[in-house]
Amino acid sequence: MTEEPEGTDAVLELREVTFRRQGKQILTDVSFTVGRGEHWALLGPNGAGKSTVLGFCGALTHPTAGAVHVLGQQLGRVELQALRRAIGHVNPRHPLRSPLTVREVVLSGITGSIDLPPRWRPVPEDVDRAEALIDVLGLRGKAGDRWPTLSQGERGRTLLARALICGPRLLLLDEPSTGLDVAAREQLLETVDLLDETHPGIASVLVTHHLEELPTTTTHALLLAEGKVVAAGPAATTVTTANVSSAFDHPVEVGYQHGRWSARAVRSRRAAVATLG
């Protein structure tokens, strides 16, 4: 088991990572480092390689070349199941089909399963921790409600509580606003912003296509295009008109106001009229 040097604050590090699948190059020389307490946005168009990078972050995929260190351990030299238990993962496409309650869904984060194992029973401390998360994430009074009756926003916050119940050092959010209306999206982003207070020191990586879905607590960003890094670093100097336009291969004007980003296509009136004609 190979560890990072003592004294490093790196929670996650990709070093010149290349990945090929069935002879196709998916990623080329991707490097970035996520430090303790940093909140990264992973941005790029469809097919840019975001899901593949998130697979490395979650210790689900091994690189073809380069090195990936997660929580101080190098992939390929560590027992993966133990490592994955220290990583929280929020996936809005959570494939739950049983009518579990909110409390049960949150507790399933302890077992790392979709449904609760038949003979598994949480200890009182587990239940207390689940109830505290349900409360702090804005689901007070919903602990006994069943999954099929929940709104998409309530499901998103339930999955966030599920990801946090084991006290992870790294939190991965895979397009967490998928399927949410504007109000539910804003509620979820406010909840994510609360993590700076409720879980200080936790690092996170959030994947999205849309700048409007970035929380105000976003500290850093990685922009990908065609499996290569377009820009990476502090969000203020990375999420810019030039970098976003380059990543999405389209002229996009980036705005920033009250801690939130926005984007709109840049088109001249003449070009718009010509298109309509």
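The values are calculated or read from the model by the stated rules, or taken from the named source; none is laboratory data. Worth saying up front: this structure is predicted, and the values here are computed from it rather than measured. In this analysis, Cβ positions are derived from the backbone assuming ideal geometry, glycine residues included, and neighbour counts consider all displayed protein chains.
Of all residues in segment 156-208, which are basic (Lys, Arg) and either surrounded by 21 or more Cβ atoms within 10 Å (Cβ to Cβ) or under 26 Å from HIS69 (Cβ atoms) (or both)? ARG157, ARG162, ARG169, listed by residue number. When LEU188 is tested against (1) more than 22 Å from GLY156 (Cα to Cα); (2) in contact with a helix residue (DSSP H, G or I) (Cβ under 6 Å, 6 or more places away or on another chain); (3) free of Cβ contacts under 8 Å to residues at least 60 places away in the same chain, only condition (1) is not met. Of the strands (runs of 3 or more DSSP E) lying entirely inside segment 3-114, the ones with 1 or more residues being of a type outside the set (Val, Ile, Thr) and in contact with a helix residue (DSSP H, G or I) (Cβ under 9 Å, 6 or more places away or on another chain) are found at 10-21, 24-35, 39-43, 87-90.
Among residues of segment 225-249 that are assigned by TED's automatic domain parsing to the domain that holds ASP29, those with a Cβ under 8 angstrom from a residue that is part of a helix (DSSP H, G or I) and among the hydrophobic types (A, V, I, L, M, F, W, C), sequence gap 6+ or separate chain, pair up as ALA225/ALA247; ALA225/PHE248; VAL230/ALA247; ALA231/ALA247; VAL239/LEU211; VAL244/LEU211. The residue that is surrounded by the fewest Cβ atoms within 10 Å (Cβ to Cβ), among those in segment 212-240 that are outside any strand (DSSP E or B) and of a type in the set (A, V, I, L, M, F, W, C), is ALA236. Residue check: is LEU80 at pLDDT 95 or above and assigned by TED's automatic domain parsing to the domain that holds VAL252? For LEU80, the condition - at pLDDT 95 or above and assigned by TED's automatic domain parsing to the domain that holds VAL252 - is not met.
State yes or no: is ARG146 modelled with pLDDT under 90, surrounded by fewer than 20 Cβ atoms within 10 Å (Cβ to Cβ) and over 23 Å from SER51 (Cβ atoms)? Answer is no for this residue.
Evaluate the following for PRO148: is it outside the structural domain of LYS50 (by TED's automatic domain parsing), part of a helix (DSSP H, G or I) and more than 16 Å from ALA161 (Cβ to Cβ)? So PRO148 passes the test.
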